[in-house]
């Protein structure tokens, strides 16, 4: 297979132990996350409150695999990832709402990822010492903390496990053949992409494995490469259709292609720095359309040009193919889907995007380490692993709670509005209104040039509302309701105006909210409430019905629709909605009885 020869004596300590045992390192590192709970960042709505995933039923399985409706996709995170959803269903079947068990599942999956990542090095290069070091470096690298410690990133860890399994089977097929190995490889490849769409890049990685394996039978190389690309193309279709329907593919972040290209190079530079242990690591970095760092831009551009040149030369000249440019090509392949050049995504950059791609750069680094003189190799190799462990343990501590995570984020990126907003939201929910306002004030002070400051104005208004200061809340909501992205501010403004008796003005605001974002259940509920107060019963019922379609497991949506149908005089529809509400939340029985008794006869 590939040539990864070097001073293997340095790694004689590995002996006859299979490098897959590095999975134990990964498990031990992340075992403390078993005492962690949920993070207020997608975990509540995607996992805790997502009733569809709480029961392992045939109907639930059918819906996650075959229901591509906008409403269903929004409920499942605006993506088509049925394998991820199925794994969460199994978690609830095994652990229920004991989320320590969910974290334990995540740790075990990651241990499997590390074991397979090391095994892949061994199968490709037949160098046990190199496989041990790359596997250990992979298991301990701090850029993986986000993917393992955050339950909502189950898709990344599961997708990585399935893909590395596919790659190991694919390489084995290239060596010894076997239809079962080929089929297993392709099935795992498809499953990995249905766990995380990013794994579609794995089709290209398998094609690279085939192309670089010069000693394999040509027919096997062609079969694996073409089959992998074909499966990738087939799986891409439902993923793209679902993502396009819910707006997952965004406009270019930089305003145009060239600006986004420069931004993408800056992001690449940051990724290279993070891979070289240039922390701190965080869920937010000071990189964006309004951010200029010529150092990162230059590093990213240089890396992109050099890596691309070496990889392209190897693709077209077999004599240039080696393990190093294979690793660089692997890195570029898994970078492409999150580079924002092919598909501009919602998030500009994130540690979790590097989970599988990092293997390529660590392979290149490992090749350099094993070629050093014996003493130097030990010093460099162990120093890297120790530094990785220190960074990872430090970053793990930040994931212990939502508050710790966000406080660390604003220490790394002081102008990150979203983190200030979430800190204020958490303090507000805990009744610490002064602390919540302090977070809002700090965020506004440090984000003078941010385009999403409206979030903090919106949060300030909600804090004031909680304290009964309605007039002040309305004033700040009018400031927040300044752009289409602030659609929830329009909805909340409409609700408060109606509460103050300004029904028509309130109705205008909630209609704007639904115009800007009709797929928000919150906006549709607000429109239904205000329209009903305004006597617009037909509009109210339509809005409540849409809210129910968007959030079918929210009992309030069924109850609101029941009230509206009762007002409209449609008793059968009202009773059906009330029954669904009671099925979801039995303690609504008193409210339903009062509504029935108060209905005009």
Two-site label geometry, residue 234 and residue 596: point separation in nm, points 7 Å out along Cα→Cβ: 5.2
Overall dimensions of the range 307-400 by Cα: Rg and Dmax, Å: 16.4, 50
The range 210-349 - convex hull of the alpha-carbon atoms, volume per residue in Å³: 130
Estimated distance in nm for a label pair at residue 467 and residue 403, the labels positioned 7 Å out from Cα along Cα-to-Cβ: 1.9
Protection proxy ranking of 409-419, 193-203 - average other beta-carbon atoms within 10 Å, highest first: 193-203, 409-419
Calculated FRET value between residue 378 and residue 65, using beta carbons and R₀ = 51 Å, to 0.05: 0.55
Rounded Å value of the spacing that divides the Cα centres of the range 136-214 and the range 534-550: 46
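By how many nm would the segment from residue 505 to residue 343 grow when fully extended, if each residue of separation counts as 0.36 nm and the alpha-carbon distance is taken off? Don't skip to the end; give the middle numbers.
Values: separation 162, 0.36 × 162 = 58.32 nm, distance 3.96 nm.
Contour length minus Cα-Cα distance gives 54.4 nm.
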Crossing angle, helix 323-335 versus the chain [Cα axis fit, 0-90 degrees, rounded to tens]: 10
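Using only Cα atoms, figure out Rg for the range 413-478 and give it as a multiple of 2.2 N^0.38 Å. Provide the component values of the computation, followed by the final result.
Details: Rg = 11.0 Å, N = 66, 2.2 N^0.38 = 10.8 Å.
My calculation over the Cα atoms of the range 413-478 gives 1.01.
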Label-point separation in nm, residue 290 to residue 320, each point 7 Å along Cα→Cβ: 4.3
Distance between the range 570-601 and the range 38-81 - C-alpha centres, whole angstrom: 26
Label point 7 Å beyond Cα of residue 429 along Cβ direction - residues of the range 142-162 with amide nitrogen under 15 Å: 151-152
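Per-residue counts of other Cβ atoms within 10 Å, averaged by peptide: what ranking do you get for 330-342, 304-316, 128-140, 446-458, highest first?
On the way: 330-342: 20.9, 304-316: 15.1, 128-140: 26.4, 446-458: 17.6.
Peptide ranking by packing, descending: 128-140, 330-342, 446-458, 304-316.
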Cα Rg, Dmax (largest Cα-Cα span) when computed across the range 402-545, Å: 15.9, 51
For the chain, the fraction of alpha-carbon pairs in successive 20 Å shells from zero, as %: 18, 50, 26, 6, 0
Degrees, to the nearest 10: 521-533 long Cα axis against longest axis of the chain: 10
FRET efficiency estimate (nearest 0.05) - Cβ-Cβ, residue 589 to residue 257, R0 45 angstrom: 0.20
Length gained when the stretch residue 34-residue 309 is fully extended (0.36 nm per residue, less Cα-Cα span): 94.6 nm
FRET efficiency, 1/(1 + (r/R0)^6) with R0 60 Å, evaluated for residue 570 and residue 222 via beta carbons: 0.40
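Each value in this text was obtained by applying a stated rule to the coordinates, not by laboratory testing. The structure presented is a predicted model; accordingly, all values stated were derived computationally and were not measured. Cβ sites come from the backbone with ideal geometry, for glycine too, and all protein chains shown count toward neighbours.
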